[in-house]
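Visitor: My questions will all concern the structure given below.
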Amino acid sequence: MDQQSRGDGPAANGAHLSETSESVKTNWERTLQDIEAMAADREENGFTTCTITAGSTAPVPPAEGADDEFGLTFIVSKADGETFESHYDSAEFTETAVYQRTQEGHVYVVVEQLDMDAEVVVFLAGTFRMRDATDLVRAATDREEMHTRVKAIDHTEYGAFTHDDVSAFFPEPAAYYAHDRQP
């Protein structure tokens, strides 16, 4: 992964930006294919699945003095939020798996929430820029806790999860810190 300084190098090159855009699009499409394949695999094994694709994913650091309103927030449509909520309310999710890839400073993530007893799985797919997550990575690492939330654009919250394995989300925190000063 290239490090870039402000205003010069590959980031200022329009051709590179268009390549990056195509790369972002391709990786997002691949993430969507992956989430569908994972859901199909779970369904073949008797699970009820719910796949939610975020229109936007925000890495939210804690506000001054706040303890719990941080993590990855998946912004979804009202219809997807209601679908998620019906699955969320019907199960007790005790296991989490995180699948991700990084490319050119973007993270493509699928969070799998499982209730093995009820055989219910919720998949959340999103993407965000590493440089936007540095404060969140520091806070989650320091607190040894991570949260994921599903919300509507108007901030209606459909559900939230707390995770004690921060490394599943940020296996290499230093990779995020390298983006701290980039535009």
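Visitor: Which residues, taken from segment 74-91, are part of a helix (DSSP H, G or I) and of a type outside the set (V, I, T)?
Guide: Within segment 74-91, K78, A79, D80, G81, E82, F84, E85, S86, H87, Y88, D89 qualify.
Visitor: Before we move on, is F93 of a type in the set (F, W, Y), more than 12 Å from the chain's Cα centre (by Cα) and within 21 Å of R42 (Cα to Cα)?
Guide: Against the criterion (of a type in the set (F, W, Y), more than 12 Å from the chain's Cα centre (by Cα) and within 21 Å of R42 (Cα to Cα)), F93 qualifies.
Visitor: Which condition from (1) at pLDDT 95 or above; (2) out of contact with any His (no Cβ under 7 Å at 6 or more places or on another chain); (3) within 23 Å of N27 (Cα to Cα) is the one that L114 breaks?
Guide: That leaves (3) as the condition not met.
Visitor: So, one more: For segment 64-108, which residues satisfy the criterion of being farther than 16 Å from A160 by Cβ and of a type in the set (A, V, I, L, M, F, W, C)?
Guide: Across segment 64-108, the qualifying residues are A79, A97, V107.
Visitor: Right, another one. Any chance you could count how many residues in segment 54-105 are open to solvent by 40 Å² or more (accessible area, probe 1.4 Å), over 14 Å from V121 (Cα atoms) and not aromatic (F, W, Y)?
Guide: Summing the residues that are open to solvent by 40 Å² or more (accessible area, probe 1.4 Å), over 14 Å from V121 (Cα atoms) and not aromatic (F, W, Y) in segment 54-105 gives 20.
Visitor: Just give me the residues in segment 128-183 being touching a Phe, Trp or Tyr at 6+ places or on another chain (Cβ under 8 Å) and part of a strand (DSSP E or B), in sequence order.
Guide: M146, H147, T148, R149, V150, K151, Y158, G159, F161, H163
Visitor: From the list D117, D165, D135, exactly one residue is open to solvent by 30 Å² or more (accessible area, probe 1.4 Å), acidic (D, E), over 16 Å from P59 (Cα atoms) and in contact (Cβ under 8 Å) with a residue 60 or more places away in the chain. Which is it?
Guide: D165
Visitor: In contact (Cβ under 8 Å) with a residue 24 or more places away in the chain and open to solvent by less than 40 Å² (accessible area, probe 1.4 Å): does that describe Y108?
Guide: yes
Visitor: Regarding A160, is this residue closer than 16 Å to L72 by Cβ, at pLDDT 95 or above, open to solvent by less than 60 Å² (accessible area, probe 1.4 Å) and hydrophobic (A, V, I, L, M, F, W, C)?
Guide: Yes.
The values are calculated or read from the model by the stated rules, or taken from the named source; none is laboratory data. Values in this document were obtained by computation on a predicted structure and should not be read as measured data. All Cβ positions, even for glycine, are placed from backbone atoms using ideal geometry, and neighbour counts span all protein chains on display. The protein model used for the area step is the full one, side chains on, heavy atoms only, and it has no ligands, DNA or RNA in it. Shrake-Rupley method; radii C 1.70, N 1.55, O 1.52, S 1.80 Å.
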